[in-house]
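Beneath this line is the structure, given in structure tokens, with notes to follow.
The values are calculated or read from the model by the stated rules, or taken from the named source; none is laboratory data. Computed from a predicted structure; not experimentally measured. Here the Cβ is made from the backbone with ideal geometry for all residues, glycine too, and neighbour counts use every protein chain on show. We work out accessible area using only protein heavy atoms, side chains counted, and drop any ligands, DNA or RNA first. Shrake-Rupley method; radii C 1.70, N 1.55, O 1.52, S 1.80 Å.
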Amino acid sequence: MPHLIGERIVLREYRMEDFPHLRRWVNDPDVTDNLSEIFLYPHSEAETEAFLKMMVHGTGESRGFVIAEKESLAYIGQIDLHRIDWINRKAVMGIVIGRKDMQNKGIGGEAIRLLQRFVFHTLNLNRLELEVYECNERAIRCYRKAGFREEGRLRQRVYRKGKYWDVLVMAVLKEEFEREESKRNPGAKSGA
């Protein structure tokens with residue numbers, strides 16, 4: 001598959017040389033604190049290597065991309081699709097900006113828009129969904145800006161930072177994405 005090229009970033013394939021970059025963030029609580037429960041315990045080098053091999057070889061059910069700098073293709077983070085459902089035309093998105101020096105720069109939003117275009121126009125899925133902790137306000141703002149809407153709350157589902165938090169279920173539909181794309185690019189043809 002070709003790279004997905006944005007203004008500042010590229011979504012590219014996973015490579016084994018991404019291993020040291022994943023190791024830098026995978027046990028860093030500043031990065032993993034708002035990620036799923038699989039990051040509650042330290043990740044061994046073997047676990048990181050197994051994940052990376054699975055993504056490189058495409059042997060798992062998840063598919064995804066490394067978020068990389070446009071010129072150098074250097075690792076910034078990753079954005080993946082989980083639980084792809086070809087019958088109901090939907091998938092679950094997960095994203096992490098692993099390089100702390102690249103956080104809060106709009107990289108996540110750009111990566112999400114590139115992935116949405118791929119999901120809706122190449123894979124022809126109809127729905128992209130995610131779950132996010134209500135305490136992760138920065139991510140929620142980013143998701144809303146990318147067109148995700150809150151569809152529900154799983155009340156007090158996670159325990160973080162000394163208290164229980166809701167988990168927000170958010171999604172964007174193909175028609176919503178295309179409507180926003182046509183507003184951003186009035187001359188662009190839908191689905192292209």
Original post:
Roughly how much of T122 is accessible, in Å² to the nearest 10, using a 1.4 Å probe?
Top reply: 100 Å²
Original post:
With the chain treated as a Gaussian network of Cα nodes joined by springs under 10 Å, which of M93, M170, M102 yields the largest mean-square fluctuation?
Top reply: M102
Original post:
For R153 and C135 in one chain, what is 0.36 nm times their gap in residues minus the Cα-Cα distance, to one decimal in nm?
Top reply: 5.2 nm
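If r is the Cβ-Cβ distance from E17 to Q103 and R0 is 22 Å, what FRET efficiency results, to the nearest 0.05? Mind showing how you got there, number by number?
Working: r = 22 Å, r/R0 = 1.01.
Efficiency for this residue pair is about 0.50.
What is the local net charge at F120, summed over the other residues whose Cβ is closer than 10 Å to its Cβ (Lys, Arg +1; Asp, Glu -1)? Numbers along the way, then the final one.
Values: positive: R89, R117, R127, K174; negative: E175, E176, E178, E181.
Taking every other residue near F120 into account, the sum is 0.
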**OP:** Quickly work out the S72-to-E37 label distance, labels modelled 7 Å from Cα along the C-beta direction, and quote it in nm with one decimal.
**Re:** 3.8 nm
**OP:** Please identify, among F120, F177, F39, the residue showing maximal mean-square fluctuation in a Gaussian network model of the chain using a 10 angstrom Cα cutoff.
**Re:** F39
Subject >> Extension gain from R160 to K183, taking 0.36 nm per residue of separation minus the Cα-Cα distance >> reply: 4.4 nm
**OP:** Tally up the carbon and sulfur contribution to the accessible surface of the chain as a whole percent, 1.4 Å probe, everything protein left in place.
**Re:** 50 percent
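In the chain, how does Rg compare with the Kirkwood Rh, expressed as the Rg/Rh ratio over alpha carbon atoms?
Numbers: Rg = 16.5 Å, Rh = 17.4 Å.
Dividing the radius of gyration by the Kirkwood radius yields 0.95.
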Original post:
Counting only Cα, what are the radius of gyration and maximum Cα-Cα distance Dmax of the range 44-141, in Å?
Top reply: 14.1, 40
Original post:
Per residue, what accessible area does the chain have, given a 1.4 Å probe and all protein chains present, in Å²?
Top reply: 57 Å²
